[in-house]
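Before any comments, here is the structure.
The values are calculated or read from the model by the stated rules, or taken from the named source; none is laboratory data. The model shown is predicted, which means the values in this text are computed figures rather than measured ones. As a convention, Cβ positions derive from the backbone with ideal geometry for all residues, glycine included, and neighbour counts pool all protein chains shown. These area figures cover heavy atoms from the full protein model, side chains too; ligands, DNA and RNA do not enter into them. Shrake-Rupley method; radii C 1.70, N 1.55, O 1.52, S 1.80 Å.
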Amino acid sequence: MTRVRLNQLDSELQAIATEDYTFHNWAKTFQCTCEIMFQPSTESQIIKIVQLAKKYNKPIKVFGSGHSPSDLACSRGFMINIDHMNGILGINKQDLTITVEAGISLHKLHAILQENGLAMSNLGSISDQSIAGVISTATHGTGAEFGCLSSMVLDLTLITANGELINCSSNENSDLFSAARCSLGALGIITRITLQVELAFRLEAIQKPYKFDTILSEWDNVIHSAEHVRVWWMPHTNDCVVWRANRTKKSMKQAESNWLIERGVGVHLYQFMLNIARYRPSVIPSITRFMFETIHKRPLHVIDDSYKVFMFDCLFPQYVNEWAIPWENSPQALKELDVFINTSELKVHFPVEIRFVDEDNIWLSPSYKTKTCYIGVIMYRPYGNPVPYKKYWKAYEDIMRKHGGRPHWAKAHGQSAEQLNASYPKFRDFLNVRENIDPKGMFLNNYLKRHILLEKPLQSAAML
Ligand SMILES: Cc1cc2nc3c(=O)[nH]c(=O)nc-3n(C[C@H](O)[C@H](O)[C@H](O)COP(=O)(O)OP(=O)(O)OC[C@H]3O[C@@H](n4cnc5c(N)ncnc54)[C@H](O)[C@@H]3O)c2cc1C
């Protein structure tokens with residue numbers, strides 16, 4: 001396959017191109033060097049890049065902030081980053097909608113929504129991602145009555161492998177819309193998105209410690225005990241904390257802040273102890289108990305703007321795995337995980353994070369037609385050092401699979417295309433849309449070939 005050199009590009013593309021660009025994800029667990037990385041600021045520049053890729057039979061992968069903990073955003077062909085396409089295209093305060101360029105970060109989006117008295121109804125733990133990246137993987141927050149972030153999309157525009165601009169919504173190109181609201185970047189480059197938002201609101205969040213077996217025995221009540229409920233279970237113990245948040249009109253209340261405890265112990269000492277534990281994993285349960293007693297057991301009460309309250313400090317790089325299972329199966333799955341953790345020789349990090357998401361009708365959303373409990377496991381990489389996690393993942397994935405689980409698309413998982421096809425009723429419909437819109441596989445990469453292609457392509461750009 002012939003390389004494309006910068007001097008083969010016209011001056012407009014040369015100005016936005018970097019040769020041999022090395023991309024790595026946030027946790028530095030995956031990286032790739034692509035032939036050329038482009039940072040366009042207009043749709044017409046993207047169309048030119050697509051035409052160039054078509055001419056030279058190059059695959060294209062678009063990436064956002066690189067927060068996916070897998071090789072989902074990697075490619076050795078062309079890569080495109082649309083961070084410069086981050087403007088607001090329209091705000092409708094009557095209908096509570098906002099139309100944005102798809103490269104906008106959630107941080108910037110929150111600030112603009114706030115200025116206009118609006119807010120997103122639900123969020124995940126961080127806001128560093130681009131809106132296109134977030135919706136391409138069905139990123140979720142927590143709340144039994146709240147769908148994943150993709151479910152807030154009312155319409156979107158993408159540029160296809162033919163260089164065409166296509167709009168889709170529930171009324172226009174509706175099959176494409178069902179596929180594109182969680183597309184994994186496999187359908188084209190999303191350039192514009194309209195979101196349903198709501199009037200700006202405050203959240204009152206209260207976090208308290210509980211015994212985990214008590215929480216499991218009252219599971220249905222716990223799920224509905226607030227608008228947004230998150231459980232952090234400390235594996236190797238019977239302790240957990242439950243974070244509950246509700247909309248409120250009460251006045252602001254800042255959480256008491258103590259740098260020494262929160263950063264000194266919560267981040268620096270914790271990272272130091274986990275690094276020591278690489279040589280003596282048997283101390284991990286004691287570290288967990290210490291951290292629970294010192295930090296997490298303390299009750300927390302805060303009232304603030306919603307987008308600030310939804311945010312959590314994700315500390316430092318980590319391996320993560322997270323699957324969605326029907327929420328009625330989740331207590332049993334968690335009990336089995338507890339048995340595995342207590343009976344195997346493995347020592348694992350906290351927390352196991354448990355969140356709830358309402359069902360939706362997005363073909364590849366892990367919550368497709370399923371009220372979902374997300375169960376996330378984590379192994380931190382103190383100072384970027386490796387820690388063993390594969391045996392933990394294997395046992396965890398076996399349990400999730402047994403309980404009808406679907407992996408979070410952004411995270412590195414071991415589910416084959418065939419297994420995924422069996423758990424998603426609309427999997428083949430997604431593949432048909434993909435095949436029609438991108439028959440040569442311009443937007444495929446290794447992750448997608450591994451996890452979504454049932455029949456491997458004979459000759460395509462993605463074979464690079
Ligand atoms: C610390 C941390 C916390 C996290 N918290 C949560 C959480 O609370 N809940 C949750 O569900 N997930 C969470 N995630 C996962 C994260 O939300 C997803 O990985 C999200 O996709 C990252 O967005 P990004 O902009 O970094 O996209 P990238 O990782 O760069 O890309 C993700 C996918 O989106 C595609 N894509 C990006 N831009 C476009 C575009 N313009 N057009 C078409 N496709 C595009 C890419 O091709 C790729 O397939 C977290 C990740 C980290 C590292």
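Check off (1) within 16 Å of the ligand (Cβ to nearest atom); (2) at pLDDT below 95; (3) not in a helix (DSSP H, G or I) for Leu458 and give me the number that stays unchecked. Among (1) within 16 Å of the ligand (Cβ to nearest atom); (2) at pLDDT below 95; (3) not in a helix (DSSP H, G or I), Leu458 violates only (1). For region 350-368, a residue qualifies if it is open to solvent by less than 10 Å² (accessible area, probe 1.4 Å) and of a type in the set (A, V, I, L, M, F, W, C), and the qualifying residues are Phe350, Val352, Ile354, Phe356, Val357, Ile362, Leu364. Scoring Gly103 on the criteria (1) within 21 Å of Cys148 (Cβ to Cβ); (2) assigned to a strand (DSSP E or B) leaves a single failure, condition (2). Annotation: Thr142 fulfils all but one of (1) away from the ligand (no atom under 12 Å from the Cβ); (2) closer than 30 Å to Asp305 by Cβ; the unmet one is (1).
Which of the following residues is modelled with pLDDT of 95 or more, touching a helix residue (DSSP H, G or I) at 6+ places or on another chain (Cβ under 6 Å) and not assigned by TED's automatic domain parsing to the domain that holds Ala324: Ser136, Ser151, Ser127, Ser121?
On the way: Ser136 fails: touching a helix residue (DSSP H, G or I) at 6+ places or on another chain (Cβ under 6 Å); Ser151 fails: touching a helix residue (DSSP H, G or I) at 6+ places or on another chain (Cβ under 6 Å); Ser121 fails: touching a helix residue (DSSP H, G or I) at 6+ places or on another chain (Cβ under 6 Å).
Of the residues listed, the single one that is modelled with pLDDT of 95 or more, touching a helix residue (DSSP H, G or I) at 6+ places or on another chain (Cβ under 6 Å) and not assigned by TED's automatic domain parsing to the domain that holds Ala324 is Ser127.
Within region 317-327, can one find any residue that is of a type in the set (D, E, K, R), open to solvent by less than 10 Å² (accessible area, probe 1.4 Å) and within 16 Å of the ligand (Cβ to nearest atom)?
Just the residues of region 317-327 that are of a type in the set (D, E, K, R), to begin with: 322.
Checking which are open to solvent by less than 10 Å² (accessible area, probe 1.4 Å) leaves us with 322.
Narrowing the set further to residues that are within 16 Å of the ligand (Cβ to nearest atom) leaves 322.
Taking every residue of region 317-327 in turn, at least one turns out to be of a type in the set (D, E, K, R), open to solvent by less than 10 Å² (accessible area, probe 1.4 Å) and within 16 Å of the ligand (Cβ to nearest atom).
Taken together, Gln31, Gln14, Gln39, Gln51 contain a single residue that is surrounded by fewer than 19 Cβ atoms within 10 Å (Cβ to Cβ) and in contact with a Leu (Cβ under 8 Å, 6 or more places away or on another chain), which is Gln14. Filtered by the rule that a residue be open to solvent by 20 Å² or more (accessible area, probe 1.4 Å) and near the ligand (Cβ under 6 Å from one of its atoms), region 65-74 gives Ser65, His67, Ser68, Pro69.
For region 244-256, the count of residues that are modelled with pLDDT under 95 and more than 25 Å from Asn122 (Cβ to Cβ) is nonzero.
Take Lys250 and tell me if it is more than 30 Å from Leu334 (Cβ to Cβ), of a type in the set (Lys, Arg) and touching a Lys or Arg at 6+ places or on another chain (Cβ under 9 Å). The answer is yes for Lys250. Scanning region 145-165 for residues that are surrounded by 20 or more Cβ atoms within 10 Å (Cβ to Cβ), more than 10 Å from the ligand (Cβ to nearest atom) and farther than 16 Å from Arg192 by Cβ yields Gly147, Ser151, Ala161.
Given the criterion open to solvent by less than 10 Å² (accessible area, probe 1.4 Å) and not aromatic (Phe, Trp, Tyr), identify the matching residue among Gly441, Gly414, Gly404.
Going through Gly441, Gly414, Gly404 in turn, the sole match is Gly441.
When you check Ser68 against the structure, is it out of contact with any strand residue (DSSP E or B) (no Cβ under 6 Å at 6 or more places or on another chain), free of Cβ contacts under 8 Å to residues at least 40 places away in the same chain and within 30 Å of Glu115 (Cβ to Cβ), yes or no? When the stated conditions are applied, Ser68 does not pass them.
Tell me, please, whether a residue that is touching a Lys or Arg at 6+ places or on another chain (Cβ under 6 Å), aliphatic (A, V, I, L, M), assigned to a loop (DSSP other than H, G, I, E, B) and within 11 Å of the ligand (Cβ to nearest atom) can be found in region 172-186. Yes, there is a match, as at least one residue in region 172-186 is touching a Lys or Arg at 6+ places or on another chain (Cβ under 6 Å), aliphatic (A, V, I, L, M), assigned to a loop (DSSP other than H, G, I, E, B) and within 11 Å of the ligand (Cβ to nearest atom). Inside region 329-347, can you point out the residues that are open to solvent by 10 Å² or more (accessible area, probe 1.4 Å) and under 23 Å from the mean Cα position of the chain (by Cα)? Result: Asn329, single match.
Under the condition of being among the β-branched types (Val, Ile, Thr) and within 11 Å of the ligand (Cβ to nearest atom), the residues counted in region 80-132 number 5. How about region 397-423: which of its residues are away from the ligand (no atom under 16 Å from the Cβ), under 19 Å from the mean Cα position of the chain (by Cα) and assigned to a helix (DSSP H, G or I)? The answer is Glu397, and nothing else. Under the condition of being open to solvent by 10 Å² or more (accessible area, probe 1.4 Å) and under 25 Å from the mean Cα position of the chain (by Cα), the residues counted in region 195-218 number 9. Restricting region 104-162 to residues that are in contact (Cβ under 8 Å) with a residue 24 or more places away in the chain and of a type in the set (Asp, Glu), which is farthest from Ala179 (Cα to Cα)? So the residue we want is Asp128.
The residues of region 369-397 that are over 27 Å from Phe316 (Cβ atoms), in contact with a helix residue (DSSP H, G or I) (Cβ under 9 Å, 6 or more places away or on another chain) and open to solvent by 10 Å² or more (accessible area, probe 1.4 Å), listed by number, are Thr370, Lys371.
Taking region 48-64 as the region of interest, how many residues are under 17 Å from Val4 (Cα atoms) and either outside any loop (DSSP other than H, G, I, E, B) or within 9 Å of the ligand (Cβ to nearest atom) (or both)? Step through it out loud before you land on a result.
Taking region 48-64 first, the residues under 17 Å from Val4 (Cα atoms) are 48-61.
Keeping just the survivors that are either outside any loop (DSSP other than H, G, I, E, B) or within 9 Å of the ligand (Cβ to nearest atom) (or both) gives 48-56, 60-61.
Within region 48-64, residues that are under 17 Å from Val4 (Cα atoms) and either outside any loop (DSSP other than H, G, I, E, B) or within 9 Å of the ligand (Cβ to nearest atom) (or both) number 11.
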